[in-house]
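Since the structure comes first, as structure tokens, the remarks are kept for the end.
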Amino acid sequence: MTNIHGGEVLYNYRHETVVDADVESTFAWFEHEGSFRRLMPPWEVAEEVRADESLEVGSQRVFRFPMGPIKMTWIAEHTGYDPPRFFSDKMVKGPFRSWSHDHHLLEEEGVTKVIDEVSYQVPFGRLGNLADKILGGILVRGRISRMFTARELRLQRDMSHHSRFSGLPRRRILIAGSSGTIGTQLVAFLDTGGHDVWRLVRRPPRNSQNELFWDPDEGILDPEILEGFDSIIHLGGEGIGDKRWSARRKSAIRDSRVNSTMLLSDSISKMSTKPEVFVLASAIGWYGDRGDEELNERSSLGSGFLPDVCSDWESAASVVEGCGVRTVFLRSGIVLTATGGALGKMLLPFQLGAGGPMGGGKQWMSWISLDDEIYAIHHLLMSKGSSGAYNLTAPEPTRQKRFAKVLGRVLRRPAFAPIPKFAIKTIFGEMGVSLTLESQRVNPDRLIEEGFEFLHSDLEHALRDTLGIWKD
């Protein structure tokens, strides 16, 4: 629906989401600061600058996102607040000519309907209206529709997963490595579940944002600041696929993981009241290059640089296990996210039609969607019977050749341009060979045995969800 306002076209958009929860719980989810991050479409690269702690009138949320070669700032200010039935916001600064967003929450028989009503004027005034009309509305309205579909799915899924542990006390959680892709989403998800989430950071902490200081490079961590946390999660470490592996880079990859874990472990061992659980990131690199061999948590350690790093990494937490603290190792596979990691690096060449099999494409890829990664960590955090190593991978690993074919189909691009082994080795060196050509056919047996239900078992479904390219 459209109308004329001030000589320009005012567009109206409406979206309804049905949530299997009462209106109070649903409104509470929105009131948490983390809801803003969770509602951001998973394919959008956005940097949160500031978020006030409420939805009350006058509070603001500020974020930046790329628009071509520049970063655009969006400032949203809340203009209406009537819990648990209504809140609203408007764009104070941003790319649109105007943007006003009303949220209505209606409950009937324990089920809540969230009605989003948006009124907006497109950028560039009459020129923007003309361009949008010529393109049949897809320029702006299509993007808005994709965004609200993503918001609907994320809200429904998050509420469902929180409800599975709603009968347990909320936790006080400290997370190291919170600024990475997984850490950012995990902090936001746990926050929307009502947990008291704190971040362990290397820069001067901002007390208003629940931050505490440490410097693992210098061995600085005051054990007293860990007191009172019942859960500690460590996700940090230098990026494995960011640069070619020189001797110095390999040392940094290992030391950033092992030394920081040893520092945390020693500090936990000195606590007067220790946490109930210590969750440590690891990786399926633990298994090494294993061809077609089917691997699970009982499989032997592999050989090579990454297996050695993962082995030392997990061993660095032995003192915590020795103290009787429940310890969980997250052996993550390739986490699918459009904003980084392996998939993020693949997107541009595939979008240009230059994607395809790497080194023949017979090697196995063990992947997991970002939401399944977050939900699996939540399951292991909250389940007191969970301890030891867990493979965080989807139940259906795939060969790289098929991965390329499915990604091409989702993007509607050809995906048969081969990249030979020698080219990968020449361009990326040992890092490229290890991360793209080695084969790991990993199964998440322990998660399945514990009844964890994967949201994405099918690769195409996972990619479509991640990229916001759903079938009509």
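The values are calculated or read from the model by the stated rules, or taken from the named source; none is laboratory data. Quick caveat: nothing in here was measured; it's all calculated off a predicted structure. Every residue, glycine as well, gets a Cβ built from its backbone with ideal geometry; the counts of neighbours run over all protein chains shown. These area figures cover heavy atoms from the full protein model, side chains too; ligands, DNA and RNA do not enter into them. Shrake-Rupley method; radii C 1.70, N 1.55, O 1.52, S 1.80 Å.
Summary of values
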read-out	value
Vicinal HN-Hα couplings computed from phi for the range 166-173 (Karplus, 6.51 cos²θ - 1.76 cosθ + 1.60; Hz; Gly/Pro x)	5, x, 9, x, 6, 9, 9, 10
Ranking by accessible area, most exposed first, for LEU235, LEU280 with a 1.4 Å probe	LEU235, LEU280
Degrees, to the nearest 10: 370-382 long Cα axis against longest axis of the chain	60 degrees
Within the accessible area of the range 316-459 (1.4 Å probe), percent carbon and sulfur	57 percent
For the range 311-413, share of DSSP beta bridges that run antiparallel, in % to the nearest 5	20 percent
Crossing angle, helix 181-192 versus the chain [Cα axis fit, 0-90 degrees, rounded to tens]	60 degrees
Virtual spin-label span in nm between THR73 and GLU53, 7 Å along Cα→Cβ	2.4 nm
Student exercise, the range 286-396 dipole from Lys, Arg, Asp, Glu Cβ charges, in Debye to nearest 20	160 debye
Residue list for the range 193-219, given a label point 7 angstrom along the Cα-to-Cβ vector of SER179 and an amide N cut-off under 11 Å	201-205
Total charge dipole magnitude, the range 329-442, about the Cα centre, Cβ charges on Lys, Arg, Asp, Glu only, Debye to nearest 20	480 debye
FRET efficiency, LEU348 to ARG298 (Cβ-Cβ, R0 35 Å, nearest 0.05)	0.35
Candidate lysines - alpha carbon under 25 Å from LYS90, same-chain residues fewer than 8 apart omitted	LYS71, LYS113, LYS133
Cα-based reach from LYS471 at 13 Å (exclusive), listing aspartates and glutamates while leaving out same-chain residues under 8 positions away	GLU460
Stretchable slack from ASP458 to ARG85, in nm (0.36 nm times residue separation minus alpha-carbon distance)	130.6 nm
Charge dipole of the chain about the Cα centre (unit charges at C-beta), most positive-ward option of ILE70, LEU200, HIS162	ILE70
Residues of the range 187-206 with amide N under 13 Å of the 7 Å Cα→Cβ point at ILE225	198-206
The chain: angle of helix 125-134 to the longest principal axis, Cα-based, in degrees nearest 10	80 degrees
The range 183-250 versus the range 375-430: alpha-carbon centroid distance in Å	25 Å
Modelled label reach - TRP470, point 7 Å along Cα→Cβ, the range 318-359 residues with backbone N closer than 18 Å	338
Leading residue at positive end of dipole, the chain (Cβ point charges), from PRO95, LEU186, MET346	MET346
Length-normalised contact order of the chain in % [C-alpha pairs under 8 Å, at least 6 apart]	13 percent
Separation in nanometres of the label points that stand 7 Å from Cα toward Cβ, at SER318 and GLU430	2.4 nm
Point-to-point label distance, ALA417-GLU211, nm (Cα→Cβ direction, 7 Å offset)	4.1 nm
Dipole moment magnitude, nearest 20 debye, the range 249-303 about Cα centre, only Lys, Arg, Asp, Glu C-beta charged	380 debye
Burial order of peptide ranges 50-58, 100-108, 260-268, 394-402 (average beta-carbon count within 10 Å, highest first)	260-268, 394-402, 100-108, 50-58
Length gained when the stretch THR273-ARG202 is fully extended (0.36 nm per residue, less Cα-Cα span)	23.1 nm
CD proxy at 222 nm, helix term only [per DSSP H run n ≥ 4: -39500 (n - 2.57); per residue of the chain; nearest 500]	-10500 deg cm²/dmol
Cβ-based charge dipole, the range 387-436, positive-most Cα from PRO418, GLN400, GLY388	PRO418
